[in-house]
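A quick write-up on the structure given underneath.
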Amino acid sequence: MSASAVFILDVKGKPLISRNYKGDVAMSEIDHFMPLLMQREEEGALTPLLSHGRVHFLWIKYSNLYLVATTLKNANASLVYSFLYKIVEVFSEYFKELEEESIRDNFVIVYELLDELMDFGFPQTTDSKILQEYITQQGNKLETGKSRVPPTVTNAVSWRSEGIKYKKNEVFIDVIESVNLLLVNRLPHRQCLHPQVNANGSVLLSEIVGTIKLKVFLSGMPELRLGLNDRVLFELTGRSKNKSVELEDVKFHQCVRLSRFDNDRTISFIPPDGDFELMSYRLSTQVKPLIWIESVIEKFSHSRVEIMVKAKGQFKKQSVANGVEISVPVPSDADSPRFKTSVGSAKYVPEKNMVIWSIKSFPGGKEYLMRAHFGLPSVEKEEVEGRPPIGVKFEIPYFTVSGIQVRYMKIIEKSGYQALPWVRYITQSGDYQLRTS
């Protein structure tokens, strides 16, 4: 990777704190970063990598801060950016909110963290739980006695401490899937969400983004093996592929033995203690809309507009969607709202030019209706502005749209204790929109 130095700048480009790791790039080079960034921004040619002479600036912006890494070499850019985002993650764990004030208030801890996170341009200990064992919020207080290097730093398993003990050994597994759906309908007044591409509309985006999160309360140094209904695994072992799922873009936590997974698709790992994300995956597949929306807009020239929205649950009848919110755009000059709903409640949010229809509990197979009436002094204005998309938010527990299943969780520990694994499935809306053109 070979990053020469890392800088944290305020929103005006003034360095707040920096760490020179290699000494091959002059620290004064950072003075060229902000003028270069502003010039590129004015030209409309801003990129995440900027160069001045032989020096390259790899940067990200977070809150009111710029995090910049400099290098002379042809570094592994994706690794540098991953490291910068890891800095954000670690600092956020320490300071709750990462912004200019939290950097200024914690200079000593920030310097200590920058020393531990990277050495001579290469990432070192980047796990916040391990760092918190020896860099504390009281890190600037002197302590007498012999200094102790935490054993996790020198262990082969740097993400887990030895000697952890629990009275009750348990593992909680959350399988969470977000549905991203973007459909464009070409009817100007009738908007219809349909699972198939048809003459009236087209699906532009349809995908499932999933994560498997664990909460681990296990004693000792256990090895865990997780079994999923992975299609590649089923093919390798000659099982039926009917109830299997083909996972794409799989990313694992560093604790997973990747060589083992490559060989026989076994997800084997020694877990960190507490909460962590074990893996994420994506499925590009035709997703049937779980909540089907139809809306009809009737305009009465220079007087009023009436909006009728129908929502139907297109998932299993035994499942229930919780916290459903349907956001329906209305003209910016609308006033005098009146609502009638068959279930839930509707409210007008004028600052967003939206009607938000909230349904606390939405069973599968049910169909509900909402009518909204608005005064409308200027109908023509809405046509010029265009219409934002209808958005849908929801969460369905005990259900995954992809059909992924945890087949088993084996827990192996040398003391031979019995542990209980618990599994929970959740499907929720991601970027779930219906647009009209």
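The values are calculated or read from the model by the stated rules, or taken from the named source; none is laboratory data. Worth saying up front: this structure is predicted, and the values here are computed from it rather than measured. Quick reminder, even Gly has a Cβ in these numbers, built from the backbone with ideal geometry, and neighbours come from all protein chains shown. Just so you know, the surface numbers come from the protein's heavy atoms only, side chains and all, with ligands and any DNA or RNA stripped out. Shrake-Rupley method; radii C 1.70, N 1.55, O 1.52, S 1.80 Å.
Quick look at the values:
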| read-out | value |
| --- | --- |
| Scan of segment 342-370 for residues that are of a type in the set (F, W, Y) and under 16 Å from K393 (Cα atoms), ordered by number | W357, F362, Y368 |
| Every residue from segment 386-401 that is open to solvent by 30 Å² or more (accessible area, probe 1.4 Å) and hydroxyl-bearing (S, T, Y) | Y398 |
| Subset of segment 34-64 (residues that are within 16 Å of A3 (Cα to Cα) and aromatic (F, W, Y)) | F57, W59 |
| Elements of type strands (runs of 3 or more DSSP E) contained in segment 185-239, each with 3 or more residues being within 30 Å of I293 (Cβ to Cβ) and at pLDDT 75 or above | 201-217 |
| Tally of residues being on the phi > 0 side of the Ramachandran plot, modelled with pLDDT of 85 or more and not in a strand (DSSP E or B) across segment 260-315 | 1 |
| Subset of segment 322-342 [open to solvent by 40 Å² or more (accessible area, probe 1.4 Å) and within 21 Å of K312 (Cα to Cα)] | N322, G323, E325, F339, K340, T341, S342 |
| Segment 284-322: number of residues that are over 22 Å from G403 (Cα atoms) and not hydrophobic (A, V, I, L, M, F, W, C) | 10 |
| In segment 41-61, the residues that are farther than 25 Å from K22 by Cα and not in a loop (DSSP other than H, G, I, E, B) | E41, E42, E43 |
| Those helices (runs of 4 or more DSSP H) lying entirely in segment 78-167 with at least 1 residues modelled with pLDDT under 85 and either aliphatic (A, V, I, L, M) or surrounded by 15 or more Cβ atoms within 10 Å (Cβ to Cβ) (or both) | 128-131, 151-154 |
| Condition check for D431: open to solvent by 30 Å² or more (accessible area, probe 1.4 Å) and more than 29 Å from the chain's Cα centre (by Cα) | no |
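Per-residue answers, yes or no, for (1) outside the structural domain of L131 (by the TED database); (2) of a type outside the set (D, E); (3) touching a Phe, Trp or Tyr at 6+ places or on another chain (Cβ under 7 Å):
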{"position": "N20", "(1), (2), (3)": "no, yes, no"}
{"position": "P48", "(1), (2), (3)": "no, yes, yes"}
{"position": "E93", "(1), (2), (3)": "no, no, no"}
{"position": "E100", "(1), (2), (3)": "no, no, no"}
{"position": "N106", "(1), (2), (3)": "no, yes, yes"}
